[in-house]
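Chemist: Pasting a structure below so you can have a look.
The values are calculated or read from the model by the stated rules, or taken from the named source; none is laboratory data. Nothing here was measured: the structure is a model prediction, and the numbers come from that model. Quick reminder, even Gly has a Cβ in these numbers, built from the backbone with ideal geometry, and neighbours come from all protein chains shown. When the accessible area is computed, the model is the full protein with side chains, heavy atoms only, and any ligands, DNA or RNA have been set aside. Shrake-Rupley method; radii C 1.70, N 1.55, O 1.52, S 1.80 Å.
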Amino acid sequence: MSEPRLVSTAELARALGLAPRTIQKYRKDGLLTPDLESIGGHARWNVERVREELRRIAAERRGSR
């Protein structure tokens with residue numbers, strides 16, 4: 001089984017239909033953590049893992065209303 005492809009924040013945002021700033025805000029707020037961070041601070045993401053994490057967060061928020 002091969003490793004999942006990791007993408008940049010901009011590529012992740014495009015794949016999810018979000019603005020890159022939204023991903024950056026979620027990261028800053030501790031909602032999302034990149035799968036890899038380069039020495040220069042650039043995040044790399046597994047799209048499917050983040051998609052599942054956002055679904056979980058949304059379900060938790062719906063349940064807390």
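Chemist: Give me the percent of accessible area attributable to carbon and sulfur for segment 12-60, probe 1.4 angstrom.
Modeler: The value for segment 12-60 is 52 percent carbon and sulfur by accessible area.
Chemist: Give me the net charge for the shell around Leu31: Cβ to Cβ below 10 angstrom, other residues only, Lys and Arg +1, Asp and Glu -1.
Modeler: Result for the local shell: +1.
Chemist: Once you have the Cα-Cα distance between Ala58 and Ser2, take 0.36 nm times their residue separation minus that, and quote the gain in nm to one decimal.
Modeler: Residue separation times 0.36 nm, minus the Cα-Cα distance, leaves 17.3 nm.
Chemist: How high is the relative contact order of the chain? Use alpha-carbon pairs under 8 Å, at least six apart in sequence, and give a whole percent.
Modeler: 32
Chemist: Can you work out the accessible area per residue across the chain, with the rest of the protein chains kept in place, probe 1.4 Å, in square angstrom? Before the final figure, lay out the partial values.
Modeler: Numbers: 4950 Å² over 65 residues.
I get 76 Å² per residue for this part.
Chemist: Multiply the residue gap between Arg49 and Ala10 by 0.36 nm, knock off their C-alpha separation, and tell me the result in nm, one decimal place.
Modeler: Extra length available between Arg49 and Ala10 comes to 12.4 nm.
Chemist: On to the next question. What number, rounded to the nearest 500 deg cm²/dmol, is the helix-based mean residue ellipticity at 222 nm of the chain, given -39500 (n - 2.57) per DSSP H run of at least four residues and division by all its residues?
Modeler: Dividing the helical sum by the residues of the chain leaves -16000 deg cm²/dmol.
Chemist: Principal axis extents for the chain, Cα atoms only, whole Å, descending order, please.
Modeler: Taking max minus min along each principal axis of the Cα atoms, the chain gives 39, 30, 20 Å.
Chemist: Take the alpha carbon atoms of segment 38-65, find their center, do the same for segment 1-37, and report the distance between the two centers in whole angstrom.
Modeler: Here the answer is 8 Å between Cα centres.
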